[in-house]
1. Mind scanning B:LYS410/B:LYS461; B:LYS118/B:LYS511; A:LYS230/B:LYS139; B:LYS118/B:LYS529; B:LYS108/B:LYS293 and naming the pairs with a C-alpha gap bigger than 22 Å?
2. For the residue pair A:GLU34 and B:GLN381, what label-to-label distance in nm results when each label sits 7 Å from Cα along the Cα-to-beta-carbon direction?
3. Give me the one-decimal nm value for the distance between modelled label points at A:TRP344 and B:SER323, 7 Å along each residue's Cα-to-Cβ direction.
4. Run through all the Cα pairs of the stretch B:99-253 and give the fraction in each 5 Å bin from 0, expressed as whole percent.
5. For the stretch A:221-266, go through all pairs of different Cα atoms, get the mean of 1/r, take its inverse, and jot down that Kirkwood value in Å.
6. Arrange the following residues from fewest to most other Cβ atoms within 10 Å of their Cβ: B:CYS527, A:CYS333.
7. Mean separation of Cα pairs under 8 Å and 6+ residues apart, divided by the residue count of chain A: what relative contact order is that in percent?
8. Let me make sure I get this right: for the stretch A:289-338, a, b and c are the square roots of the gyration tensor eigenvalues over alpha carbons, sorted descending. Under 1.5 in a/c it's rounded, otherwise prolate if a/b > b/c, else oblate. Which is it?
Amino acid sequence: MNERARMSSISILPIVSSVLAIVMAFVIGGIFLEANGKDALHAYRILFERGLVNGDGLTETFKKMAPMLIVSAGLLIALRASVWNIGIDGQFMVGALLAGVAGAAVAGSVPNPLMWLIAAVAGIIGGMLWAVIPALLMVKFNLNEIITTLMMNYVAVNVCAWLVKGPFRDSSVVAPQTKQIPLADRLPFIPGTEVHIGLIVGLLCVVVVAILFRSTVYGFCLDVVGRNRKAAIHAGLPVGRLAGSALILCGAFAGLAGANDVLGIQGLFKANWDPGYGFTAFALVYLARLNSLLLIPFAFFFSFLLVGGDSMPRRADVPTYFVGMLEGLMLICFAVAVYLERRWHAISERIRGRPDDRIEPESSSGPSALEGLEISS
Amino acid sequence: MGHEIASPPAPLPVGRGEIERLTCLGDSRPHCHSERSEESLRGDEVTGMRERKEKHVSTNLGEVLHCEPLVSTWGTSVGTTDDMTDGTATTQERAMVQPIVSMREIDKRFGPVRANDKVSLTLYPGEIHAVLGENGAGKTTLMNILSGMYQPDGGTIELDGKPITIGSPSEALAHGIGTVYQHFTLVPNLSVIENVVLGTKTGFVLNLSKGEQRLKEVLTEFELNTDPNVEVRHLSIGQRQRVEIIKVLMRGTRVLLLDEPTSVLTPTEVEGLFRILRRLREEGVSVVIITHKLEEALDVSDRVTILRGGKNVGELGPDDIASAGRAGARQRIVETMFGGMPAAAETFQQHVATGKTLLELSGVSAIGDRGEIAIRELSIQLRAGEIYGIAGVDGNGQKELGEIIAGQRKTTTGRLALDGTDYTNAGVATLSRAGVGYITDDRLGEGVVPGMSVAQNAALKTINRSPFSKGFWLDRKAIEANANTLIEQFSVRTPSAQTKITLLSGGNIQKLMLARELAMDPRVIVCNKPTYGLDLKTAQFVLQTLRQEADSGKAVLLISSELDEILEISDRIGVIYNGEIVETFERAQVDIETVGRLMLSGRAAVAGSAA
């Protein structure tokens, strides 16, 4: 009901503004390129060809899509409950490290599916572990989770680097890394493709989250907390526990994404390996307007951006960072689009005029925020 | 009236003009006021309009030239001018003094509601003017118009006799009209001096040390013995309010509006505030205080304007107050505010509450959102089958009382028992299961979840119970069916159960909230302002529903600032004032004027009427 209501009642305008935001980001990015003496059209053609058209590129895109889907499904849970988990990258790393260690430890001695399961569980535990600390700080001491999760990222980088250079180091190689899981024991490909089954795991994650918000009490309660915390308190919901659990769940998904990358692509955990999915996931989830099923097309889009962006330095002489800049521009344009959308709603409401006896002129809570602004300016 | 101001305040070392200059941060315009000069020229002004106009011009010139002496009026003129003549100038003289602000026939509509219906307000220089009225009388609207927050739909505002429009609060400030709101606008983690200079037109570089010493003196004058560098969050609420007043004065304010300034203060702080207001009056600042506390209005003001239902219903000038005496003035004001109110006694059938005590609060205290003591040792017994009405002017602890019973607010002392079992601080979920239903007055803020549908909101409070969920899973059919039943039963006007709640009108949201609460079959129903902002028909429906619930054996606590509706359906009535129930009446014994007086003055009213 939730999703359907959302899709039907707001109509297609939100998706339109997301798409417009993306187009605008490309236009502004193109102006930057041109201003720097690059051929913008050429650069974009390379980007699209590599990410979409090229068979090889398409495979890469689908491979990238798996962690994208898992991470953004987790972030969606947190953001729907208005919990800002900036610490996905740290949770991903800890999850990846534990998955790499656990997977390599049991590889060969147990059947592969069991090994994958063990590694996945280890990854999930790692991600949760890294999210539990900020969650407790948030619930018990009311500390802002944005700060704590962000800081935990830096802790994760160094703790993982230490672990991988010390206790968990594979002493047979020079580089600081965990023991490698043999190629034969990694995640198998989806039949007929060269994409490992992580993609299916990712799609499953999105479906699970969609069902969570569509048909479970827990998802409903998270939505209430996210949309109106005071109403959640009024309704007697355990607001702290709900928000904390959303953060921990988000960490679990991030850890699972780490396990996925270890089992599917890397086969090991290297020091300072940080793909930085966290920030991309923010752009992704917001452009998908916190709608679970819309995560799929947007995850595809962002994956191809990353893959295409990788080929831009060589073939178009544009640094890879340009894709990061595009993501940033998309978020800015998206913010503008949301603002314009609100104006549009306000204007169309005024034109239509709506029957309304909702008049509370003496309300003390209403204008007070405005009062503060007006006076101090 | 003049008794408490008979002894002239101690001379002040700095005047306001100096305050502005000392930090060089105030508006550069010289704010020397014609009020004083005009007052001293009062005798000459009887000579006629034209001459007065010229005189006015010349006094304006005089201001510019004699800024210094004017500035020191805090110190000097106080010694020479008798307070009595200032505070209680005769009517003839007053009539000759040009009002500093006159608002004429102000109209303001919010949809179908006329919040201000040809309201006029005349403010003279150097007077303290109280605007009294019940909630919804239009006081705040009128002040918001004067402070530039709202634009009037009709009427004129004149400042010094010249028509002006006030487009925004900053324009109001530019005209010298400054407002201190109920919700302070200070930044808690900036220091006092930083807060005071915040927003003033200054250069890029802040030079705070220059004005610090002088600000210290000003702070002392305002009885604030704090270091200007201390952060505002360490100050008490009363101290913050004074900083707020200083801040507004620094911007060259000569008309100071105070919105319910005493609602958050302790009695001692109230006295301190009034001393300061009297000093400001001596300096020629005109002060408007919006209040519903009658005693305080009589304590401090020279003139009282009374609003009721968005209209002027009376004004008492200084000589009216003087001639009627304090008791007489109080009587007149209460009559004006509550007189002619239908007693509704004939339509009322006495319901004898024979049931057992369902809810008992004993000696309960609680802290409000702003850190003040909102509820003081309050005790209530609520019996099955009765409606207990809590009458009182807004902001006397009603909201906090409702929240305590619902479990949304922790108590600091006392005990809450339901049907004999202790439920003190048990939390919302437990109390709700134990049979307490709470209909909040903050519909959109906490009553409903704006982004969700009618059906989802209808199931909000019981989502984890059957039939809406089975274990982990929602039963969406049951949620929708429940919503459709409630929509039908309470005739909620909505396109469908899937419509977003925010697209419904306030009345329909209220009906849905009532339906949601009653569907949980609570034993104790607490509702705060259940008819606020509703049209008459919906309001009647809500009240009748509550009455039926009580008749079926439930206990209803009706909190409202509308005395009429409390009188209409309650069996017993308690008057709440300053977080205490000051008096309880059986419905049959109610005397409206006594209730009105208690609402406005608390226990002081009883003492006052006995005197």
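Laboratory data are not the source of any read-out in this text; all were calculated from the coordinates shown. Bear in mind the structure is a predicted one, so any value in this text is a computation, not a measurement. All Cβ positions, even for glycine, are placed from backbone atoms using ideal geometry, and neighbour counts span all protein chains on display.
1. Details: B:LYS410/B:LYS461 20 Å; B:LYS118/B:LYS511 33 Å; A:LYS230/B:LYS139 29 Å; B:LYS118/B:LYS529 27 Å; B:LYS108/B:LYS293 25 Å.
Pairs exceeding 22 Å: B:LYS118/B:LYS511; A:LYS230/B:LYS139; B:LYS118/B:LYS529; B:LYS108/B:LYS293.
2. 8.4 nm
3. A separation of 6.7 nm, rounded to one decimal place.
4. Bins of 5 Å from zero give 2, 8, 16, 18, 16, 13, 12, 9, 5, 1, 0 percent of pairs.
5. Numbers: mean 1/r = 0.0832 Å⁻¹.
Its Kirkwood hydrodynamic radius stands at 12.0 Å.
6. Numbers: B:CYS527 25, A:CYS333 22.
Least to most surrounded, the residues fall as A:CYS333, B:CYS527.
7. Values: 592 pairs, mean separation 123.0, N = 377.
This gives 33 percent for chain A.
8. Details: a/c = 4.45, a/b = 1.61, b/c = 2.76.
It comes out oblate by the Cα gyration axes.
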